[in-house]
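The values are calculated or read from the model by the stated rules, or taken from the named source; none is laboratory data. What you are looking at is a predicted structure, and each value in this text was computed from that prediction instead of being measured. Positions of Cβ are backbone-derived with ideal geometry, glycine not excepted, and every protein chain shown enters the neighbour counts.
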Amino acid sequence: MDSKEDLKNKAKELEQTLQAQLNFLKTDSKDFVKIGAGILLGGLTAFGIVKAIKGKKNSKNKRIMEVLEKEGLLDEDTIERLNTKKSSGFKARIAAVLLPMIIAYGRDKLMGGNQNTEDQTGEPSEKN
């Protein structure tokens, strides 16, 4: 009789442990889904912006080349000048500096911002 009760108690304990682990996994996976969604959204936004800017430049160059060809003013030097990539400007350098900071800020806001790391508090945490 006693062994059946022990088995039932152990089964209940195992079910409770499993339920606690599943609840922890659910809350932990929500954080990963939020981070993944933020990264995906940021990537799609950046891709769309780059695609829009690049498309405008290419279409402008094509129209200019068509007009110059009709006028008979299109030569190899002009084609080369129109198709060469310009060096990155001020905006690109600022974007390269600000983008990681913006991503970190967004991640902190998305995660709730209540997680203190060693860098934020300035005090080393004790790890055993």
### Message
Looking only at residues that are surrounded by 10 or more Cβ atoms within 10 Å (Cβ to Cβ) and either outside any helix (DSSP H, G or I) or touching a helix residue (DSSP H, G or I) at 6+ places or on another chain (Cβ under 8 Å) (or both) in segment 100-128, which one is modelled with the lowest pLDDT?
### Response
Asn116
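Determine if segment 56-69 includes at least one residue that is aliphatic (A, V, I, L, M), under 30 Å from Met111 (Cα atoms) and assigned to a helix (DSSP H, G or I).
no
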